[in-house]
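Okay, structure first, notes after.
The values are calculated or read from the model by the stated rules, or taken from the named source; none is laboratory data. This structure is a prediction, so every number in the text was calculated from the model and none was measured. Neighbour counts are summed over all protein chains in view; Cβ atoms, including those assigned to glycine, are modelled from backbone coordinates with ideal geometry. Only protein heavy atoms, including side chains, enter the accessible area calculation; ligands, DNA and RNA are left aside. Shrake-Rupley method; radii C 1.70, N 1.55, O 1.52, S 1.80 Å.
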Amino acid sequence: MITRLPIAPNGPTFSRLIYGTWRFLDDAATSNSADLLKRLHACLELGITTLDTAEIYGLYRVEEFIGQTLKLESGLREKFEIVTKCGIYVPCDFHPDRKVAFYNAEAVRLVKSAEKSLRLLGTDYIDLFLVHRPDWLTSADETAAGLNKLIKEGKIRSAGVSNYNVHQFDLLNSRMDQPLVTNQIEFSLLHMDPIFDGTADQCQKHQIKPMAWSPLAQGKLMDETTPEGTRLKAKAAELSAKYGDATLDQLAYAWIMAHPSQPLPIIGTNKLERLIATAKSADIKLEREDWYGLWTAAKGHGIP
């Protein structure tokens, strides 16, 4: 059973692995409510109680789909923590008037988006509400005003950001009545920027846990046609027996979770068997030399 832990001091408690929903409508296994309901029960059996979604997922359709599924069973919503994001607006069938994609993190927009998410998800509150991308045209005071209002009114229980650099995070956090509780960032063996650009260090400083999106680098980790994929496959084969016949993807999740900032990886698969296999990665405790061995295999050179 996957453990749960607070994502920040006085913040929400999340499962160690988070189930991502951005591909829900791309696969027959999760594209209708009856099948998704089965998948949600599978998550609960594994101890995965946190769902990550976003206003823009499925071109603005996934939140409603999740809401329709949660309505199928009384009390199901209360068994999950829901994370959603807002702030990205693109031309699509729902918004044919838009001519170009843009960001908007103005207070009025954040409030409207949160209220829409509440309606579509069929819930009275959102456990964690994230600004999906930094909006370069909106001041930190303006963005914070919207988030502070939503928290004060009880529509969201906590706020955070996604894809913010350390300076953007600190600036917005300085304007918050209730501190931000996470930064959802890209983090994997093939995207180690958070280790080097200060993002993961900042999370430790504030005692918050980052959420890691694309932990398998969109499958590129397993691409044996690339030098890094070949090296990682060989290293995983070397380590597998030591960690209970662990696969490369299980080792990759364990590698992320071993970092002292305690990232919470977001699982993006729609395949039940892979979901079950991924859950086992939470039990893998990599030894120091093996963690650096995977780092070396991914980079193609030794440490500085």
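Overview of values
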quantity	calculated
Candidate set: the range 225-280, residues that are among the acidic types (Asp, Glu) and without any contact (Cβ under 8 Å) to a residue 60 or more places away in the chain; chosen: the one nearest to GLU81 (Cα to Cα)	GLU273
Filtered residues of the range 165-187 (kept if assigned to a loop (DSSP other than H, G, I, E, B), crowded, with 23+ Cβ neighbours inside 10 Å and in contact with an Asp or Glu (Cβ under 9 Å, 6 or more places away or on another chain))	PHE187
Residue pairs meeting the criteria (Cβ under 7 Å; at least 6 apart or on separate chains; first closer than 17 Å to PRO265 by Cβ, in the range 40-60; second open to solvent by 30 Å² or more (accessible area, probe 1.4 Å) and assigned to a loop (DSSP other than H, G, I, E, B))	GLY47/MET1; ALA54/TRP22
Residue within the range 119-136 that is polar (S, T, N, Q), over 14 Å from GLY11 (Cβ atoms), open to solvent by 10 Å² or more (accessible area, probe 1.4 Å) and out of contact with any strand residue (DSSP E or B) (no Cβ under 8 Å at 6 or more places or on another chain) present	no
Scope the range 20-74; condition surrounded by fewer than 22 Cβ atoms within 10 Å (Cβ to Cβ) and of a type in the set (S, T, N, Q); matching residues	SER31, ASN32, SER33, THR49, GLN68, SER74
Sole exception among (1) in a loop (DSSP other than H, G, I, E, B); (2) under 24 Å from the mean Cα position of the chain (by Cα) for ILE256, by number	(1)
Residue check, GLU115 out of contact with any strand residue (DSSP E or B) (no Cβ under 9 Å at 6 or more places or on another chain) and over 25 Å from TYR19 (Cα atoms)	no
Filter result for the condition that a residue is touching a Gly at 6+ places or on another chain (Cβ under 8 Å), part of a helix (DSSP H, G or I) and open to solvent by less than 60 Å² (accessible area, probe 1.4 Å), over LEU251, LEU221	LEU221
